[in-house]
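Visitor: To start, I am sharing the structure in question, which I have written as structure tokens.
The values are calculated or read from the model by the stated rules, or taken from the named source; none is laboratory data. Everything numeric in this text was worked out from a predicted model, so none of it was measured. Heads up, the Cβs are rebuilt from the backbone with ideal geometry, glycines too, and the neighbour counts pull from every protein chain shown. Note: areas computed on protein heavy atoms with side chains; ligands, DNA, RNA excluded. Shrake-Rupley method; radii C 1.70, N 1.55, O 1.52, S 1.80 Å.
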Amino acid sequence: MPSKGRVLMAMSGGVDSSTAAALLKSQGYDVIGATMQVWDYSQCEIVEGEGTCCSSIDVEDARAVADLIDIPFYVLNCESQFREKVIDPFVQSYLQGHTPLPCVDCNTYLKFDHLIRKMAELDCQFLATGHYAQVVPTPSGALGIQTSSDRWKDQTYFLFTIDPAILPRLIFPIGHLQKDEVRNLARQFGLSVASKKDSTGICFVGQQGYQKFVEAEVPTNILNQKRGDIKLFPTGSKLGTHEGIHRFTYGQSRGLGLDHHEKLFVIKIDGEKNVVWVGEEKYLYRDSLMVKNFKQLLPMKSGDTLNVKIRYAHVGAEARIEQMGETWKVQFKEPQRAITPGQACVFYQDEVLMGGGWIV
Amino acid sequence: MIKKVYLDYNATTPLGQSIVQAWADGLNFWGNPSSIHWASRPVRTLLRQTRQDLADLFGASSTEFIFTGGATEANNTVFNSLNELKRKNHPYFKNRNQILVSNTEHPSVIQSASHLQAMGWKVDWIKINQDGSIDLAEVQEQLSEQTALVSLHIANNETGVVYPIAELSKMVKGVGALFHTDAVQALGKMDIHLPTWGVDLATFSAHKFYSLKGLGVLYVKKQTPFEPLMLGGSQERKRRGGTENTFAVWSFSLMLKKLLDDQQNSNSPRPPFEHLKNLRDLLEQQIEKRISGVRWTGTAMPRLPNTSHMMISGIDGESLLMSLDLEGFAVSTGAACSSGNPEPSPVLINMGFSKQQAQQSLRVSLGYPTTKSDIYSFVDSLEKIVERLRKYQLNTIEREVNAI
């Protein structure tokens with residue numbers, strides 16, 4: 001069988017990218033596996049059988065799959081890029097009272113930039129990842145990204161920063177499959193990772209939780225400056241104090257440490273005055289938001305009505321978009337709960353990813 | 001299918017042809033050499049003969065060689081012995097608590113020294129300069145009546161630089177310290193004469209010399225105070241517990257025989273060493289002729305005849321190594337790393353090279369089976385890959401400049 005071309009396959013050691021690698025190989029591609037080492041594993045707590053996507057156990061799993069399906073496999077040292085482009089902005093975002101989305105930065109600066117370069121350097125025609133997403137031709141003829149056929153697993157929300165110019169070189173080998181089909185295939189290929197637990201949460205944070213992670217990264221004197229008051233909206237009365245704004249996220253109601261007669265939610269975090277505003281749930285709803293660093297995979301224009309997701313788990317809501325200089329305004333048909341700065345606002349037309357930006 | 005060319009002989013070597021052809025003979029040596037009955041006799045003869053061959057080759061006595069499970073174990077044994085002797089109040093170490101080790105050693109030496117440091121020993125490091133030289137006057141200042149042991153490898157596995165061990169030995173003996181050399185890289189590449197080197201302890205490895213893995217040799221000169229690492233039976237004159245790896249010894253003995261024949265029947269320089277040097281010179285001439293921006297390491301120093309080390313500007317070493325692998329060429333950018341994760345080589349960093357320089361480094365190490373055609377096809381691929389990588393490096397720089 002003549003080769004369909006040489007592919008650099010990003011392998012995390014999880015079931016999705018492992019199956020993707022085996023699938024590509026069986027389809028006649030010349031596959032080269034690579035794992036990005038992004039983090040010093042020794043700092044992660046590794047629980048046997050519950051590897052996150054950054055543990056050394058996962059690298060060994062990826063290597064075992066590569067050896068089994070007989071493809072070359074390399075570990076790429078990406079620690080410094082990951083530190084600069086993902087970890088540092090992640091920590092800074094929390095210190096500003098935002099809730100960051102590091103997976104998009106990892107995609108933007110590592111998977112679909114650093115790996116694209118590696119693809120070229122290694123004389124590969126394609127780059128493949130185990131994302132649940134599909135590259136499809138759109139009516140205009142240009143390639144676009146469409147949601148995965150598994151609605152629960154769809155990961156297109158994390159892909160809005162992809163440069164459309166690289167789409168002809170991208171392959172998502174499992175985007176047309178359901179998760180259980182992927183696991184079945186993994187079993188058929190005899191992969192040891194077939195029943196490995198899915199990774200959840202942020203890979204480098206581990207079991208300690210993001211709060212402890214941020215606190216370990218930031219000097220105490222700076223952390224102490226992020227302490228402040230908890231105030232009630234709309235009266236402005238002080239209900240208590242807190243140990244740092246990085247401990248809060250929009251919509252949070254548990255762990256506020258308040259003794260109040262009704263259930264309260266974090267409705268705004270003021271990163272400048274370090275005030276955490278709490279209030280009744282109704283104040284969490286807003287009917288519009290502003291987006292910066294707007295990226296378009298396919299052309300969008302002021303006045304378009306699109307389906308909009310404001311967080312990964314969001315089902316999506318109808319909204320009208322309007323350009324206002326550098327930023328874009330998103331006007332929802334129905335008010336949305338807990339619109340959170342630092343998260344992405346991602347636009348779809350039917351099942352096709354149009355683009356996105358960052359919630360201000 | 002691409003042609004596979006192995007050019008990483010300093011990491012390990014394929015088995016010698018004589019071993020591959022006669023391997024079934026080796027299986028006869030299954031008896032336990034420590035037994036009294038008939039099954040032990042041929043095995044004991046094999047061990048005895050191999051030790052004698054080592055002695056003849058290296059100008060030593062057969063009782064001075066201990067078989068170990070590998071060179072790493074042999075190196076560990078040296079440092080452990082020191083600590084045990086001190087612990088047992090051996091008079092030699094009464095006022096000696098300093099260890100002097102070069103900072104480009106194999107990890108089994110560096111880690112052993114650091115381990116002793118944590119246990120209270122004073123460890124000082126011999127600095128290896130960027131050109132591979134050692135400032136002997138500086139070493140002289142580091143030495144004192146408190147020095148217990150000096151450990152310096154005869155040749156570095158990455159740069160191939162051969163160190164002035166005999167000169168250093170005189171200085172070490174001057175303060176009455178023990179002298180150890182990790183000579184793993186020397187066997188089969190240069191003449192070894194232990195009395196000339198003037199060392200008390202030396203480490204060798206079978207698998208770096210076309211023999212099976214799992215066998216090291218530790219030379220311990222007569223009268224050298226010594227304590228074993230592996231406690232157990234009375235093998236190796238009670239200096240290393242554990243049944244010897246007899247099949248590996250058999251394979252090693254075949255290779256040593258050839259070396260010995262050569263040493264007895266040819267003049268210096270020996271033909272196999274000349275073969276390596278001629279190919280290495282060809283490799284360096286070809287690269288120099290066809291690829292610009294190459295900086296050589298250690299070329300002004302005495303070097304192993306088989307090792308070439310260079311830094312290639314404008315490329316990413318990680319991609320270079322992978323691209324060469326994908327074209328069938330096995331080379332290395334530093335010491336073989338068990339994690340497979342390309343961190344910059346500590347040897348180069350300790351020699352004072354920048355992280356970037358270390359990441360642009362390439363080590364090519366040749367072996368007896370290497371041919372001229374291997375060299376030519378390697379340089380063809382290297383030229384092509386370097387050109388490609390430089391193109392992308394340039395693209396990235398342009399993109400970064402444009403983004404400003």
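Visitor: Across segment A:285-359, what fraction of all alpha-carbon pairs, as a whole percent, falls in each successive 5 Å bin from zero upward?
Guide: Spelled out per bin, shortest first, that is 3, 18, 33, 29, 14, 2.
Visitor: Excluding residue B:352 itself, calculate the net charge of residues whose Cβ lies under 15 Å from the Cβ of residue B:352, where each Lys or Arg counts +1 and each Asp or Glu counts -1.
Guide: Numbers: positive: B:127, B:295, B:355; negative: B:131, B:135, B:138, B:158.
Computed value for this residue: -1.
Visitor: Evaluate E = 1/(1 + (r/R0)^6) for residue A:285 and residue A:152, where r is the Cβ-Cβ distance and R0 equals 35 Å; express this FRET efficiency to the nearest 0.05.
Guide: On the way: r = 26 Å, r/R0 = 0.73.
The calculated FRET efficiency here is 0.85.
Visitor: May I ask you to give the percent of accessible area on chain A that is carbon plus sulfur, with a probe radius of 1.4 Å? Could the numbers behind the result be given before it?
Guide: On the way: 7870 of 16380 Å².
Carbon and sulfur atoms account for 48 percent of the accessible area of chain A.
Visitor: Sequence gap at least 6, Cα distance under 8 Å: using those rules, report the relative contact order of segment A:88-196 to the nearest whole percent.
Guide: Numbers: 128 pairs, mean separation 26.5, N = 109.
The value is 24 percent.
Visitor: Now for a different question. How big is Rg to Rh over chain B, alpha-carbon atoms, Rh as the Kirkwood inverse-mean-distance radius?
Guide: Working: Rg = 22.3 Å, Rh = 22.5 Å.
Ratio of gyration radius to Kirkwood radius for chain B: 0.99.
Visitor: Next up: Using a 1.4 Å probe and counting only protein heavy atoms, how much accessible surface gets buried when A and B come together, both sides summed, in Å² to the nearest 100?
Guide: Details: alone 17180 and 18180 Å², together 33770 Å².
Chains A and B together bury roughly 1600 Å² of accessible area.
Visitor: For segment B:176-225 and segment A:73-133, what is the centre-to-centre distance using only Cα atoms, to the nearest Å?
Guide: 47 Å
Visitor: Between residue A:273 and residue A:68, what is the label-to-label distance in nm when each label sits 7 Å out along the Cα-to-Cβ direction?
Guide: 5.8 nm
Visitor: Using 0.36 nm times the number of residues separating residue B:265 and residue B:92, minus their current alpha carbon distance, what extension gain do you get?
Guide: Stretched out fully, the residue B:265 to residue B:92 stretch lengthens by 58.1 nm.
Visitor: Also, quick follow-up: Filter the chymotrypsin sites (Phe, Trp or Tyr not before Pro) in segment A:77-175 down to the DSSP loop ones having no more than 11 other Cβ atoms within 10 Å, then list what survives. Can you show the working numbers first?
Guide: On the way: sites: A:82, A:90, A:94, A:109, A:112, A:126, A:132, A:152, A:157, A:158, A:160; in loops: A:132, A:152, A:160.
In loop regions of segment A:77-175 (DSSP not H, G, I, E or B), the sparsely surrounded chymotrypsin sites (Phe, Trp or Tyr not before Pro) are A:152.
Visitor: Note down the net charge around residue A:257, summing +1 for each Lys or Arg and -1 for each Asp or Glu among other residues with Cβ under 15 Å from its Cβ. Before the final figure, lay out each step's value.
Guide: Working: positive: A:227, A:231, A:238, A:247, A:254, A:263; negative: A:229, A:243, A:259.
Every neighbour counted, the sum reads +3.
Visitor: Here is a follow-up. Report the relative contact order of chain A, percent, no decimals, based on alpha-carbon pairs under 8 angstrom and at least 6 residues apart.
Guide: Working: 756 pairs, mean separation 59.3, N = 360.
16 percent.
Visitor: Per-residue mean of other chain beta-carbon atoms within 10 angstrom of the beta-carbon, peptide A:116-123?
Guide: 6
Visitor: At a Förster radius of 56 Å, what calculated FRET efficiency corresponds to the Cβ-Cβ distance of residue B:11 and residue A:211, to the nearest 0.05? It would help to have the intermediate numbers written out before the result.
Guide: Working: r = 45 Å, r/R0 = 0.80.
Efficiency computed from Cβ-Cβ geometry: 0.80.
Visitor: Within 10 Å of each candidate Cβ there may be at most 11 other Cβ atoms; applying that plus a DSSP loop requirement, which GluC sites (Glu not before Pro) in segment A:174-262 survive? Present the calculation step by step, with values, prior to reporting the outcome.
Guide: Numbers: sites: A:181, A:215, A:217, A:243, A:262; in loops: A:243, A:262.
For GluC sites (Glu not before Pro) across segment A:174-262 that sit outside H, G, I, E and B with at most 11 neighbouring Cβ atoms in 10 Å, the list reads A:262.
Visitor: Carbon and sulfur atoms: what percent of the 1.4 Å accessible area of chain B do they account for? Provide the component values of the computation, followed by the final result.
Guide: Values: 9300 of 17380 Å².
Of all accessible area on chain B, carbon and sulfur atoms account for 54 percent.
Visitor: Here is a further query. Which of these, B:315, B:36, B:66, has the largest mean-square fluctuation under a Gaussian network model of chain B (Cα springs below 10 Å)?
Guide: Comparing B:315, B:36, B:66 in the GNM, the peak value goes to B:36.
Visitor: Could you work out Rg/(2.2 N^0.38 Å) for segment B:191-308, with Rg from alpha carbons only?
Guide: Details: Rg = 18.9 Å, N = 118, 2.2 N^0.38 = 13.5 Å.
Dividing the Cα radius of gyration by 2.2 N^0.38 Å gives 1.41.
Visitor: Quick check: pseudo-label points 7 Å beyond the Cα along Cα→Cβ at residue A:324 and residue B:238, how many nm apart are they?
Guide: With each label placed 7 Å out from Cα toward Cβ, I get 9.0 nm.
Visitor: Show me, bin by bin at 20 Å from 0, the whole-percent P(r) of the protein assembly as shown based on Cα pairs.
Guide: Each 20 Å bin holds this share of Cα pairs: 14, 38, 31, 15, 2, 0.
Visitor: A further question on this structure: Would you calculate the volume per residue, in Å³, of the smallest convex hull containing every Cα atom of segment A:185-244? Present the calculation step by step, with values, prior to reporting the outcome.
Guide: Numbers: hull volume 7.9 nm³, N = 60.
Spelled out: Cα convex hull of segment A:185-244, divided by residues, is 132 Å³.
Visitor: On average over all directions, what projected area in square nanometres does chain A have, based on the convex hull of its Cα atoms?
Guide: Details: hull surface 77.9 nm².
Average of the hull's projected areas for chain A equals 19.5 nm².
Visitor: Calculate the radius of gyration of the Cα atoms of segment A:224-279 to one decimal place, then report Dmax, the largest Cα-Cα distance, as a whole number, both in Å.
Guide: Taking only Cα atoms of segment A:224-279, I get Rg and Dmax of 10.0, 30 Å.
Visitor: Oh, and also: Quick one: of the DSSP bridges fully inside the protein assembly as shown, what percent are antiparallel, nearest 5?
Guide: Working: 66 of 102 bridges.
Counting only bridges with both partners in the protein assembly as shown, antiparallel ones make up about 65 percent.
Visitor: Round to a whole angstrom and tell me the spacing of the C-alpha centers of segment B:111-161 and segment A:226-270.
Guide: Using only Cα atoms, the two centres lie 60 Å from each other.
Visitor: Report for chain A the percent antiparallel among DSSP-assigned beta bridges with both residues inside it, nearest 5. The partial results should precede the final answer.
Guide: Working: 45 of 63 bridges.
Percent antiparallel among DSSP bridges in chain A is about 70.
Visitor: Defining a contact as two alpha carbons under 8 Å apart and six or more residues distant in sequence, what relative contact order in percent does segment A:285-359 show? Walk me through the numbers before you get to the answer.
Guide: Details: 174 pairs, mean separation 31.2, N = 75.
In percent, rounded to a whole number, it is 42.
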